[in-house]
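**Q** Here you go, one structure.
The values are calculated or read from the model by the stated rules, or taken from the named source; none is laboratory data. Note that the coordinates shown come from a computational prediction; the quantities given were computed from them, not determined experimentally. Cβ: placed from backbone, ideal geometry, glycine included. Neighbour counts: every protein chain shown.
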Amino acid sequence: MGERKIVTIHSYRGGTGKSNMTANIAVCAQAAGKRVAVLDTDLQSPGIHILFNFDQERIKLTLYDFLRGKCTIAQVAYDVSGQGHPEATGKCWLVPASLNAQAITQLLEEGYDINRLSDNFDALLDEFDLDYLFIDTHPGLNKETMLAAALSEILIILVRPDQQDYYGTAVLTEIAAKLEVPKVYLIVNKVYARLDPAELRARLQEVFGHEIIGMIPLSEDFAALASEGLFIHRYPEHPISLSIRDITQRILST
């Protein structure tokens with residue numbers, strides 16, 4: 001067995017780059033020799049599969065089918081190790097949410113047993129002998145996210161230099177404390193060039209009381225990629241790619 005850690009990656013609002021960060025961190029962990037899986041629990045607006053160049057034709061079963069009791073959680077996991085570094089010794093699996101609008105609407109209208117998902121985290125860890133399970137969440141406050149956070153060893157919150165993000169992040173960190181999440185980290189994304197990163201880091205660490213493990217600048221290169229693949233592969237020596245590798249190492253050393 002590996003280290004078996006669940007890492008939930010979350011943000012208070014959409015548009016923070018959460019899914020991009022999750023996917024890039026996962027393949028960096030794979031490149032470091034880890035066995036990892038990415039679980040897309042953003043049932044309302046799934047999309048992390050796009051970053052892995054995983055189109056709908058290749059997806060036969062999704063998280064929707066698992067939540068409706070049609071299959072096991074392991075049957076929804078697809079090997080996407082080929083998207084990682086060609087010399088990586090680790091492995092990476094993707095558990096995609098449904099891409100079908102009718103299925104998503106039905107699931108949200110009829111509801112589902114959230115405990116069926118959480119009860120099977122260990123099954124996923126065991127089936128593939130995972131070191132890390134990375135959970136990509138739906139933004140905001142919802143029962144799925146709170147349950148995932150409660151079961152996580154590490155909660156990572158993405159925040160932008162924005163007052164609404166600050167307010168929401170304060171709420172999230174308070175909830176994390178009540179849930180007794182063992183480790184909470186912050187990543188500040190889309191930092192404007194006119195801001196002093198060191199000063200911003202110091203101020204936000206003092207305000208939120210948690211370590212900031214990454215300061216990612218606002219980047220036209222990142223925006224121009226438009227989720228068409230993994231940034232660290234397209235721009236392996238870009239400062240953002242180097243930052244993501246540093247973030248990954250911080251997670252793996254926890």
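**Q** From the residues in segment 21-34 that are of a type outside the set (A, V, I, L, M) and buried (at least 21 other Cβ atoms within 10 Å of the Cβ), which one is farthest from Pro161 (Cα to Cα)? Let's see the steps before the verdict.
**A** Applying the first criterion (of a type outside the set (A, V, I, L, M)) to segment 21-34 yields 22, 24, 28, 30, 33-34.
With the extra rule that they be buried (at least 21 other Cβ atoms within 10 Å of the Cβ), the set shrinks to 22, 24, 28, 30, 34.
Values: Thr22: 19, Asn24: 21, Cys28: 25, Gln30: 30, Lys34: 32 Å.
Applying the filter and picking the extreme gives Lys34.
**Q** Which ones in segment 78-93 are assigned to a helix (DSSP H, G or I) and at pLDDT below 90?
**A** Of segment 78-93, the ones assigned to a helix (DSSP H, G or I) are 81-83.
Matches in segment 78-93: Gly82, Gln83.
**Q** Quick check, is Leu39 buried (at least 18 other Cβ atoms within 10 Å of the Cβ), of a type outside the set (Ser, Thr, Tyr), assigned to a loop (DSSP other than H, G, I, E, B) and within 17 Å of the chain's Cα centre (by Cα)? Step through it out loud before you land on a result.
**A** On the way: buried (at least 18 other Cβ atoms within 10 Å of the Cβ): yes; of a type outside the set (Ser, Thr, Tyr): yes; assigned to a loop (DSSP other than H, G, I, E, B): no; within 17 Å of the chain's Cα centre (by Cα): yes.
Answer is no for this residue.
**Q** Looking for whichever is of a type in the set (Gly, Ala, Ser), in contact (Cβ under 8 Å) with a residue 12 or more places away in the chain and within 17 Å of Thr22 (Cβ to Cβ) here; the options are Ala170, Ala149, Ala176. Which one fits?
**A** Details: Ala170 fails: within 17 Å of Thr22 (Cβ to Cβ); Ala176 fails: within 17 Å of Thr22 (Cβ to Cβ).
Going through Ala170, Ala149, Ala176 in turn, the sole match is Ala149.
**Q** Still on this structure, I have one more. Can you confirm whether Leu130 is touching a residue at least 60 places away in the same chain (Cβ under 8 Å), within 30 Å of Gly33 (Cβ to Cβ) and touching a helix residue (DSSP H, G or I) at 6+ places or on another chain (Cβ under 6 Å)? If you could, list the steps in order and put the result at the bottom.
**A** Working: touching a residue at least 60 places away in the same chain (Cβ under 8 Å): yes; within 30 Å of Gly33 (Cβ to Cβ): yes; touching a helix residue (DSSP H, G or I) at 6+ places or on another chain (Cβ under 6 Å): no.
Judged against the criteria, Leu130 is not a match.
**Q** Still on this structure, I have one more. Which of the residues belonging to segment 42-61 are in a loop (DSSP other than H, G, I, E, B), farther than 22 Å from Lys143 by Cβ and in contact (Cβ under 8 Å) with a residue 40 or more places away in the chain?
**A** We begin by selecting, within segment 42-61, every residue in a loop (DSSP other than H, G, I, E, B); these are 42-47, 52-55, 59-61.
Imposing the further condition that a residue be farther than 22 Å from Lys143 by Cβ reduces the set to 52-55, 59-61.
Answer for segment 42-61, where residues must be in a loop (DSSP other than H, G, I, E, B), farther than 22 Å from Lys143 by Cβ and in contact (Cβ under 8 Å) with a residue 40 or more places away in the chain: Phe52, Asn53, Phe54, Ile59.
**Q** Now for a separate question. Would you point out the residue of segment 154-184, among those that are among the hydrophobic types (A, V, I, L, M, F, W, C), assigned to a helix (DSSP H, G or I) and under 17 Å from the mean Cα position of the chain (by Cα), that is surrounded by the most Cβ atoms within 10 Å (Cβ to Cβ)? Talk me through it step by step, then tell me what you get.
**A** Of the residues in segment 154-184, the ones among the hydrophobic types (A, V, I, L, M, F, W, C) are 154-159, 170-172, 175-177, 179, 181, 184.
Filter again for assigned to a helix (DSSP H, G or I), leaving 170-172, 175-177, 179.
Retained after the next criterion (residues that are under 17 Å from the mean Cα position of the chain (by Cα)): 172, 176.
Details: Leu172: 24, Ala176: 22.
By that ranking, first place goes to Leu172.
**Q** Can I ask one more? Name the pairs: first residue in segment 201-217 and in contact (Cβ under 8 Å) with a residue 60 or more places away in the chain, second residue of a type in the set (A, V, I, L, M, F, W, C), Cβ to Cβ under 6 Å, at least 6 apart or on different chains?
**A** These pairs meet every condition: Ile216/Ile240.
**Q** Here's something else I'd like to know. Would you mind finding the one in Tyr112, Tyr64 that is in a helix (DSSP H, G or I) and of a type outside the set (Val, Ile, Thr)? Don't jump to the end; show me each part of the working.
**A** Details: Tyr112 fails: in a helix (DSSP H, G or I).
Every option except Tyr64 fails the conditions.
**Q** Looking only at segment 35-50, which residues are at pLDDT below 90 and over 26 Å from Tyr166 (Cα atoms)?
**A** His49, Ile50
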